[in-house]
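First up is the structure itself, then whatever we jot down about it.
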Amino acid sequence: MALRPDPGRAAGEPGRLRGTAGRDALVARALARPIKTIVLVYVLTRLLALAAMWAAATWVQNPAGVGHLNPTVADLFGLWDAQWYRRIAEGGYPVPLPVDPQTGIITYSAWAFYPAFPLLVRAGTAIGLPFPVAGLLVNLPLGLLGALIVWRIFGLATHAAPQAHRDRLALVAACLWCFYPATGVLLIPYSEALALVVIAGTLFLVMRRSYWLAALTLLGLGYTRAVAPALGLAILVHLVARARDERRSGTRLFVGDRWALIVLTVSVAVSALAWPATVGMLTGRPSAFFDVQKAWGQEPQNGPFVLWLAWAWEARGVFGVALIVGIVAAYLALVAGRHGQWLPLEVRAWALAYPLYLLAVVRPITSMWRFLLLDFPAAALVASVAMRTSAGERIVPHWRRRVALVALALCAGIAWWTVAFLTYVPWAATPP
């Protein structure tokens, strides 16, 4: 018996082909205009984060947290650390060091916050802009610039495994970074956007061997964020990789860049010590910065990782410790495994050094969600898992659906983070 063609299948096939062709054309246009694509995704995710903030302010924010009966989205721009940055921008740092009036022990104060961001915002407040507006005008372009630098870093092939689809992976990864659940922090007056630009910019300059400029950005990092040790490890990995390459090629080590590398190395140390030393000089107490950090709850004297392991043990016992160790181990395996190998070695070094540095020196706190925004290589790992085969050799045909599902899940994450952490209830504080 002769088989008849299926009319429904035959009729539907052209539609499927047209749909596939349309999606391919859309991807081709995005790849042809990557900067425009990132700008579009960045703007859309800012609007999404703003919508989540509006919903949280309207339906979730307790009036007790803002001091009036009708909370608005504007209230969320002035909560938490934004209050401290505002104090610095408008009134500077307190001298002498604030102390507890009853015990005489140094208490928490603005000295725990690095000055680069509030000084940038001060330029806006100086011309009459409200502090939240000035912070927004600083953070919006900085966040976009950071996303573009991240995209450029992902696209670099130096010290990375060959990858035929690097451009596509880099673009999707940069766009997924814009969907990170704590992305709303790039709207409010926080320093994450500036920190991203300085960190990613320094890493990019080092990878392009612009060592003098990298040394300058490192000095800026010293007054922006306390992450110089982690970034220094990524720089060390770059130097080791370069030395290996030059030995293999038979050329002299670091020829033409030796003085620049000496200055760069010194800049790492200066960046790590700049703000603590400045606080010591301005207050007349050498240990002032660390004393203030202790008042805020930081206890590095207990040893690296101890606070997180103790927290996990107290919360869930053996299961809690095993869970946190398992999460860290899985993440390390992703970075070191096939899904991380398409990334430059320096980027993988940052992906390893930064989260481990946080676990070593930061106490268990819900702000870790915000801090991990700077672990931008995680977006590249997610993109690789979503788009490539299990062996990492090629991109799967249905990668668009998988990326769309990831983006949808991250959209839910934006709503969750905004509601759970950005709102403020005095008796149930979970800082963003």
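Quick notes on this one:
- Computed over the chain: relative contact order in percent, which uses C-alpha pairs under 8 Å that are six or more apart: 22
- Where trypsin sites (Lys or Arg not before Pro) fall in DSSP loop in region 215-270, at most 14 other Cβ within 10 Å: R252
- The angle between the Cα long axis of helix 211-221 and the longest principal axis of the Cα atoms of the chain comes to about 60 degrees, rounded to the nearest 10.
- The chain: most fluctuating residue of Q341, Q298, Q102 per GNM, C-alpha cutoff 10 Å: Q102
- Estimated inter-spin distance, T72 and L405, nm [label 7 Å along Cα→Cβ]: 4.2
- Burial order of peptide ranges 175-181, 289-295 (average beta-carbon count within 10 Å, highest first): 175-181, 289-295
- Taken over the alpha carbons of the chain as equal point scatterers, the Debye sum produces base-10 log I(q)/I(0) values at 0.05, 0.07 Å⁻¹ of -0.20, -0.39.
- Global form of region 73-200, assessed from the alpha-carbon gyration tensor, a/c cut-off 1.5: prolate
- Cβ-based exposure ranking for L374, L264, L47, in which fewest neighbours within 10 Å come first: L47, L374, L264
- Sum of side-chain charges, G337 neighbourhood, beta-carbon under 14 Å (Lys, Arg +1; Asp, Glu -1): +2
- Length added when fully stretched, Q102-F319, from 0.36 nm per residue minus Cα-Cα: 74.0 nm
- Across L219, L236, L253, mean-square fluctuation computed from a Gaussian network of the chain (C-alpha pairs under 10 Å connected) peaks at L253.
- Each of V419, V266 was scored by other Cβ atoms within 10 Å of its Cβ. Listed from fewest to most, they are V266, V419.
- Counting only alpha carbon atoms, the long axis of helix 192-207 and the longest principal axis of the chain meet at about 70°.
- The L129 and A333 beta-carbon pair, evaluated with R₀ = 45 Å, returns a calculated FRET efficiency of approximately 0.45.
- Panel order for V197, V39, by other beta carbons found within 10 Å of each beta carbon, from fewest to most: V39, V197.
- Inter-part distance where region 285-304 and region 359-432 are each reduced to a Cα centre, Å: 29
- With R₀ fixed at 41 Å, the C-beta to C-beta distance from V39 to V60 puts the FRET efficiency at about 0.85.
- A simple count of charges around L264, restricted to other residues whose Cβ falls under 15 Å of its Cβ and scoring Lys, Arg +1 and Asp, Glu -1, yields +2.
- Summing +1 for each Lys or Arg and -1 for each Asp or Glu among the other residues whose beta-carbon sits under 11 angstrom from that of R388 gives +3.
- Placing dummy labels 7 Å off each Cα toward the beta-carbon, the span from D245 to L47 is 4.1 nm.
- Only helical runs count toward this figure. For the chain, summing -39,500 (n - 2.57) over DSSP H runs of n ≥ 4 and dividing by all residues gives -21500 deg cm²/dmol at 222 nm.
- Candidates A56, A157, A272: whichever shows maximal mean-square fluctuation once the chain is modelled as a Gaussian network with Cα springs under 10 Å: A157
Throughout, read-outs are computed from the coordinates displayed, never taken from laboratory work. This structure is a prediction, so every number in the text was calculated from the model and none was measured. All Cβ positions, even for glycine, are placed from backbone atoms using ideal geometry, and neighbour counts span all protein chains on display.
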